[in-house]
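Data first, discussion second: the structure below is written as structure tokens.
The numbers here are math on the coordinates, done by the rules we state, and not lab data. Everything numeric here is computed off the predicted structure, so don't read it as measured data. All Cβ positions, even for glycine, are placed from backbone atoms using ideal geometry, and neighbour counts span all protein chains on display.
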Number of protein chains: 2
Amino acid sequence: MTQTPVALTVAVDAMSGDHGTTVCVEGALKALVRHPELTLLLVGRAECLTSAFDGLADDCRRRLRIVDAREVVAMDEAPREAIRRKKDSSLRRALDLVASGEARACVSAGNTGALMGCAHFVLGTVPGVQRAAIVAAIPTLRGHTFLLDLGANAQATAEQLLQFGWMGTVVAAADNPAKRPRVGLLNIGHEDIKGTPLVKAAHELMRASALDYAGYVEGDEIMSGAVDVVVTDGFTGNVALKAMEGLARMIVGALREEFTVNTGRKLGALAALPALRAVRHRLDSRRYNGASMVGLNGVVIKSHGGADATAFGYAVERAVVEARSDVPATIHGVLGTKAS
Amino acid sequence: MTQTPVALTVAVDAMSGDHGTTVCVEGALKALVRHPELTLLLVGRAECLTSAFDGLADDCRRRLRIVDAREVVAMDEAPREAIRRKKDSSLRRALDLVASGEARACVSAGNTGALMGCAHFVLGTVPGVQRAAIVAAIPTLRGHTFLLDLGANAQATAEQLLQFGWMGTVVAAADNPAKRPRVGLLNIGHEDIKGTPLVKAAHELMRASALDYAGYVEGDEIMSGAVDVVVTDGFTGNVALKAMEGLARMIVGALREEFTVNTGRKLGALAALPALRAVRHRLDSRRYNGASMVGLNGVVIKSHGGADATAFGYAVERAVVEARSDVPATIHGVLGTKAS
């Protein structure tokens, strides 16, 4: 079964992130070129964005629009301040376009707290969803696993963990509609007696649910490919994700040091380059850029603040995937009825 | 200031782990050769252990004794059963030797739950210590960081997290007496408003304490070398450690695959071997084998169940370090008085 590409519009906060407009625009245009069904709304100071049309093919030009927004939310701005005072910011306007239905999804590399706060304020949570969560794909040797919550909430109830299981299932299914996602619950052992009272309560709820529930998984199974979705609270998920980022950075640092010790080592690096590049490509964090804020009435994708154009392009791709399968409506279908 | 090596005795559960006696004995003998002040008690079935003397230098023979124990605690045996029924097990006898003062420390690659359970039963916690914890060194680019709790307790109170800070400090100081250890508290952000109520309460306690407290650290800072000790509850610590193990395994798997795709890649691997070996050595998990169960009335070191002889040898080294600086007495000095 092949899907017919349906026209869809994505709003991009083009003033966000550590590297600003150039990177956002360049990344967004990569996605525009790749997806003929995509219409792109670049949100930000119009005078900074018009150059986006330069050298663009006619087909792409027709699918590109600029939406003027005069303000920028700073990377360290408090969510409350961003909501109250930055009503004409690129971040806010991009969310407004989703709320009004002019866009099906939005992407921002802006500060996570402000984006989450504004998204809650502008879009609200899907009826039946107790808490929105942040979910992202983590690479495995043969694919990837979706991990949530990555820090939208520092704490969660058992009922909320169950909902995260459903939301993760919807996101994983958007990614690969042919496969019924398997869900695991993060714990410190596989036996029923292991873990906190919270985890045990969530385990019972998941076991009794219609989820394709695989039971407990341990930290090393996040990237073993044992399951498609790993559920945990936002504290644990955030720590696990960052611990992995830290280790990856350390390994890259050690490789760089050891491959530049002397000329022999440098020549060795040259000979090993094809394999090292292949490994880098497989595990490239840029390909996994774009965390989804699920449970909101609209697709909201958070790009890493330090993303380059390639990485930002992948975040826009993520928005296309989730908008195409209408993740918010599917979540409503699953949790809206259950909660009522 | 150089320390004069004081004679010390370490009991080794020589029947434990996935690989059994051969690996335990070989590993323990490595430590015996390296440390002229060390006396080793090999605990297990005498008939399986006498071969340890074969080919050993006289000096080492004099410092080696075999302590007979007839039973073995299985790797999947319930802690309660091990405590009740396996009174003549190698694991239990090794702990008994510490309790009686015949050994200053013990090492086992046996099952974590049984070792922890028996250790609590036989040794008890240091007066003033609310909960024992598991601590291990995590490699960084320029050294290592001690992370605790790694799963002795699924939950912790703020007061217990503060105690973990002190116990981590004592362990880090045993490792490097010249340096006052800096302590960080694991959280999902650096700002005071971030985290759970538990973490915020522990933050206040640590800030008010005499610890050299660096404040919140995030998951990627565990291996950045920013601090010497990272404190968290056993659930989060266990997940973070295993997530890192899983990622390391995945990277090794990807390297192995990419370096064996074809002959060119294999030749590349050959040329890169010195650098790859150097990286492996730096991050070699075997060098970091040996988690310490701190807060007990005796040094108890848990080796990884799958450890090879080299790794098991490092676990015995860890026992030597902690026995030499008498970690339990130091912890009593710090927490025994505070609690009274």
* Can you tell me the dipole magnitude for segment B:183-238 around its Cα centre, using point charges on the Cβ only (Lys, Arg +1; Asp, Glu -1), in Debye to the nearest 20? => 160 debye
* Asked: Based on Cα positions only, what radius of gyration and what Dmax would you give for the protein assembly as shown, in angstroms?
  -> 27.4, 87
* Structure fact -> Relative contact order in percent for segment B:131-288 (Cα pairs under 8 Å, 6+ apart) equals 30 percent
* **Cα-based convex hull volume of segment B:91-182 per residue, rounded to whole Å³** => 128 Å³
* **Within 10 Å of each Cβ in A:136-143, the average number of Cβ atoms from other chains** => 2
* In cubic angstrom, how much convex hull volume per residue do the alpha carbon atoms of segment B:57-107 span? -> 100 Å³
* Which lysines have a Cα less than 25 Å from the Cα of B:K266, not counting those fewer than 8 places away in the same chain? -> A:K266
* Inter-centroid distance (Cα atoms) of segment B:19-66 relative to segment A:50-82, Å -> 70 Å
* **Viscosity 1.567 mPa s, 4 °C: Kirkwood-radius Stokes-Einstein D of chain B over Cα pairs, µm²/s** => 62 µm²/s
* **Positive dipole terminus of the protein assembly as shown, leading residue within A:A201, A:S89, B:V199 (C-beta point charges)** => A:S89
* Give the order of A:S90, A:S224, B:S100 when sorted by the count of other beta carbons within 10 angstrom, beginning with the fewest. => B:S100, A:S224, A:S90
* When the distances between all Cα atoms of segment A:181-222 are binned every 5 Å from zero, what whole-number percent does each bin get? -> 5, 26, 36, 23, 9, 1
* **Dipole magnitude of chain A, debye to nearest 20 (Cβ charges: Lys/Arg +1, Asp/Glu -1, about Cα centre)** => 360 debye
* Structure fact -> In whole angstrom, the spacing between the Cα centers of segment B:281-340 and segment A:124-192 equals 37 Å
* Asked: Given the alpha-carbon gyration tensor of segment B:300-340, what are the semi-axes of its equivalent ellipsoid in whole angstrom, ordered largest first, with each equal to the square root of 5 times an eigenvalue?
  -> 29, 11, 4
* Asked: Given A:K242/B:K194; A:K179/B:K242; A:K242/B:K179; A:K242/B:K30, which pairs have Cα atoms separated by over 25 Å?
  -> A:K179/B:K242; A:K242/B:K179; A:K242/B:K30
* To do: For segment A:1-142, compute Rh as the Kirkwood radius over C-alpha pairs and then the Stokes-Einstein diffusion coefficient at 10 °C and 1.306 mPa s; write the answer in µm²/s, rounded to an integer.
  => 99 µm²/s
* Determine how many Å³ per residue the convex hull of the Cα atoms of segment A:215-340 encloses. => 148 Å³
* When the gyration tensor of segment B:1-67 is built from Cα positions, what are the square roots of 5 times its three eigenvalues, in whole Å, from largest to smallest? -> 22, 13, 10
* Structure fact -> Inter-chain shielding metric for B:173-184, i.e. average beta-carbon neighbours from other chains within 10 angstrom, reads 0
* Can you give the relative contact order of chain A as a percent, counting alpha carbon pairs under 8 Å and 6+ residues apart? -> 24 percent
* For segment B:134-225, projected area of the alpha-carbon convex hull averaged over all directions, nm² -> 5.7 nm²
* Asked: About its Cα centre, how strong a charge dipole does segment B:131-288 have in debye, to the nearest 20, once Lys and Arg get +1 and Asp and Glu get -1 at the Cβ?
  -> 780 debye
* **MRE, 222 nm, helices only [DSSP H, n ≥ 4, -39500 (n - 2.57), over chain A, to nearest 500]** => -13500 deg cm²/dmol
* **Choice from A:M75, A:M167, A:M293 with maximal GNM fluctuation in chain A (Cα, 10 Å cutoff)** => A:M75
* Chain lengthening between B:K179 and B:S100 when straightened (0.36 nm per residue, less Cα-Cα) -> 25.2 nm
* Structure fact -> Among B:T157, B:T260, B:T140, the residue with the largest mean-square fluctuation in a Gaussian network model of chain B built from Cα contacts under 10 Å is B:T260
* With θ set to phi - 60°, apply the Karplus curve 6.51 cos²θ - 1.76 cosθ + 1.60 along segment B:33-46 and write out the HN-Hα couplings as whole Hz, x wherever there is a Gly or Pro. => 5, 6, 10, x, 8, 8, 10, 10, 10, 8, 10, x, 5, 3
* **Values of log10 I(q)/I(0), in the order q = 0.20, 0.21 Å⁻¹, for segment A:130-293 under a Debye, Cα-only, solvent-free model** => -1.24, -1.35
* Would you look at the GNM of chain B, springs on alpha carbons closer than 10 Å, and say which of B:V327, B:V261, B:V316 moves the most? => B:V261
